[in-house]
Amino acid sequence: MDKQELCPLEDIEDDDAVGMVARVAGKQRNIFVIRRGVHVHAYVNWCPHNQVLIDQIPGQFFNSEKTMLRCSKHGALFQINDGLCVEGPCQGESLQSLKCVVDNGVIYLVDGG
Ligand code: FES
């Protein structure tokens, strides 16, 4: 199993997300990692609508209630758990989900995401 170290879990505040660059399928990509307690989700930071970073306002990945991920370009809303767009111009499409784990307090991307 190929594990790529991303960052310590404690570097991401609970219920927050942090953008970073990681190797995905052999290429350097902008990704972001969401922390919910001891659980994490990671996605490629690339909106399926217009192929731009979803945090056009850097570091802002959520809607105001922090219940959904939000692309700041045209407001598409994505479910946090699976990246599915449920509202907006790319409804029905998804963010590219990445496989990640927390091991000994460190977040890793697994098998190139
Ligand atoms: S580019 Fe993300 S909603 Fe349009």
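The values are calculated or read from the model by the stated rules, or taken from the named source; none is laboratory data. Computed from a predicted model, the values in this text were never measured in an experiment. Note that each Cβ is placed from the backbone with ideal geometry, even for glycine, and that neighbours are counted across all protein chains shown.
For SER97, indicate whether it is polar (S, T, N, Q) and in contact (Cβ under 8 Å) with a residue 40 or more places away in the chain. Yes; evaluated as a whole, the condition is true for this residue. Would you check if VAL86 is farther than 22 Å from TYR108 by Cα and part of a strand (DSSP E or B)? In short, yes.
For (1) under 21 Å from ASP111 (Cβ atoms); (2) surrounded by 14 or more Cβ atoms within 10 Å (Cβ to Cβ), each residue gets a yes or a no:
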residue: GLN4; (1), (2): yes, yes
residue: LEU9; (1), (2): yes, yes
residue: LYS27; (1), (2): yes, no
residue: ASN30; (1), (2): yes, yes
residue: HIS41; (1), (2): yes, yes
residue: ILE57; (1), (2): no, no
residue: PHE62; (1), (2): no, yes
residue: LEU98; (1), (2): yes, yes
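Residues in the stretch 70-92 that are within 10 Å of the ligand (Cβ to nearest atom) and either surrounded by 15 or more Cβ atoms within 10 Å (Cβ to Cβ) or within 20 Å of LEU6 (Cβ to Cβ) (or both): 11 in all.
Among the residues of the stretch 21-41, those that are in contact with a Gly (Cβ under 9 Å, 6 or more places away or on another chain) and within 20 Å of ARG70 (Cα to Cα) comprise ARG29, ASN30, ILE31, PHE32, VAL33, HIS41.
When only residues in the stretch 1-56 that are in a strand (DSSP E or B) and of a type in the set (Asp, Glu) count, which is nearest to the chain's Cα centre (by Cα)?
ASP16
With respect to (1) more than 25 Å from ASP103 (Cα to Cα); (2) surrounded by 12 or more Cβ atoms within 10 Å (Cβ to Cβ); (3) within 16 Å of the ligand (Cβ to nearest atom), the lone exception for GLN51 is condition (2). Number of residues in the stretch 48-89 that are touching a His at 6+ places or on another chain (Cβ under 6 Å) and at pLDDT below 95: the value is 0.
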